[in-house]
Amino acid sequence: DGGITQSPKYLFRKEGQNVTLSCEQNLNHDAMYWYRQDPGQGLRLIYYSQIVNDFQKGDIAEGYSVSREKKESFPLTVTSAQKNPTAFYLCASKNPKTVLINNEQFFGPGTRLTVL
Amino acid sequence: AQKVTQAQTEISVVEKEDVTLDCVYETRDTTYYLFWYKQPPSGELVFLIRRNSFDEQNEISGRYSWNFQKSTSSFNFTITASQVVDSAVYFCALSSDYKLSFGAGTTVTVRA
C-alpha cells in the first residue's frame, strides 16, 4: 500500500543530544514537508523540499536540519540548538505536478519527541 | 502573509446533533486552496475536503458539507448527525504555492 511512514512513533532523548526523525514515502511524490505541532496549536512548517537535493526553510527552521538525497526520504534532525524540541512532528508529501487540480498534502502518523 | 483563524477552541455535542466549524482566512493571493483536515487521537492528519478559490459552490459529501464565501473569507464546515467517531481535532488550512498554513484547530467532542 502507498503511504508515508514515520519512525519511531515515540522518541525520548536527553537534553543536548541531536536526534533524527525518519520519514519515508512510496507515493512517488516530489514534494515533502516537516511540521511541528504543539498542544493547542496548529501545525507550523519547519522545512520543505520540492525536489531531490533541494530544500527550503519554513517558518520555524532554527535548530533543525534536513537532507533530501532520495526522492522517498526526507529525514529531520533536531539539533541541540533547538531550545524547546519536545513536540509532535508530522511529515507530509505532495505531488506538485498536479498543483492545479489536487493540492492536498498527505500526512504520516507522526513522531512524538520528548526531551528529558 | 497568510493567516487562518479558527475562533472555536472546543465544541461539545451530543450524538446526532449537527456541528458547524468556523474558519476565516487571510491571503493576498488570487489563486489558493482551502482544506479541512481531521486529526483523531492517533495523531495522523486525515484529508477531508478541498475547495479552490475559483469555485464557491457549496457541496455536500455524505455527512460533511461546507460553505465557502469568498466575500467574507470564510470556509465553514458542517458535520451532520454527528457520531462518536467524529470526535477529533479539526484543522482548516490555506494553501498557495507549495505551503500550507493551518488554523489552531477546533476540538470536537461527540458524547453518546
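Computed from the coordinates by the stated procedures, all read-outs in this text should not be read as laboratory data. Everything numeric here is computed off the predicted structure, so don't read it as measured data. Please note: Cβ atoms are built from the backbone with ideal geometry, for glycine as well, and neighbour counts cover all protein chains shown.
Of the residues that sit in segment A:48-87 and are within 15 Å of A:VAL115 (Cα to Cα) and crowded, with 18+ Cβ neighbours inside 10 Å, which one is nearest to the other protein chains (Cβ to nearest Cβ)?
So in segment A:48-87, the residues within 15 Å of A:VAL115 (Cα to Cα) come out as A:63-64, A:77-87.
After this cut, where a residue has to be crowded, with 18+ Cβ neighbours inside 10 Å as well, the list is A:64, A:78, A:82, A:85, A:87.
Working: A:TYR64: 16, A:VAL78: 18, A:GLN82: 20, A:PRO85: 17, A:ALA87: 12 Å.
Among those residues, the one meeting the criterion is A:ALA87.
Looking across segment B:54-81 at every residue that is outside any strand (DSSP E or B) and touching a residue at least 24 places away in the same chain (Cβ under 8 Å), the one that is nearest to B:SER101 (Cα to Cα) is identified as B:SER73. List every residue pair whose Cβ atoms sit under 8 Å apart, with the two residues 6 or more apart in sequence or on different chains, where the first one lies in segment A:1-21 and is on the phi > 0 side of the Ramachandran plot and surrounded by fewer than 13 Cβ atoms within 10 Å (Cβ to Cβ) and the second, anywhere, is hydroxyl-bearing (Ser, Thr, Tyr) and in a loop (DSSP other than H, G, I, E, B). Partner pairs satisfying both residue conditions: A:GLY16/A:SER80. Restricting attention to segment B:20-38, the residues being of a type in the set (A, V, I, L, M, F, W, C) and more than 17 Å from B:GLU59 (Cβ to Cβ) number 1.
Filter segment A:24-47 down to the residues that are aliphatic (A, V, I, L, M) and closer than 16 Å to A:THR5 by Cα, then identify the one that is farthest from the other protein chains (Cβ to nearest Cβ).
A:LEU27
Taken over segment B:4-52, the criterion of being among the hydrophobic types (A, V, I, L, M, F, W, C), within 11 Å of another protein chain (Cβ to nearest Cβ) and either in contact (Cβ under 8 Å) with a residue 12 or more places away in the chain or not in a strand (DSSP E or B) (or both) is satisfied by B:VAL4, B:LEU34, B:PHE35, B:TRP36, B:LEU45, B:PHE47, B:LEU48, B:ILE49.
Every residue, every condition in (1) hydroxyl-bearing (Ser, Thr, Tyr); (2) away from chain A (no Cβ under 14 Å), yes or no:
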site	(1), (2)
B:PHE68	no, yes
B:SER73	yes, yes
B:ILE79	no, yes
B:VAL89	no, no
B:ALA93	no, no
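Take the conditions loosely packed, with under 14 Cβ neighbours inside 10 Å, within 14 Å of chain A (Cβ to nearest Cβ) and acidic (Asp, Glu) and apply them to B:ASP55. Does it pass? The answer is yes for B:ASP55. In summary, B:GLN83 fulfils each of the numbered conditions (1) more than 14 Å from every other protein chain (Cβ to nearest Cβ); (2) within 13 Å of the chain's Cα centre (by Cα) with the single exception of condition (2). Do we have A:LEU113 as within 14 Å of chain B (Cβ to nearest Cβ), in a strand (DSSP E or B), crowded, with 20+ Cβ neighbours inside 10 Å and more than 11 Å from the chain's Cα centre (by Cα) here? Taking the combined requirement at face value, the residue satisfies it.
The condition (being under 25 Å from A:LEU45 (Cα atoms) and without any contact (Cβ under 8 Å) to a residue 40 or more places away in the chain) is satisfied by just one residue among B:TYR90, B:TYR98: B:TYR98.
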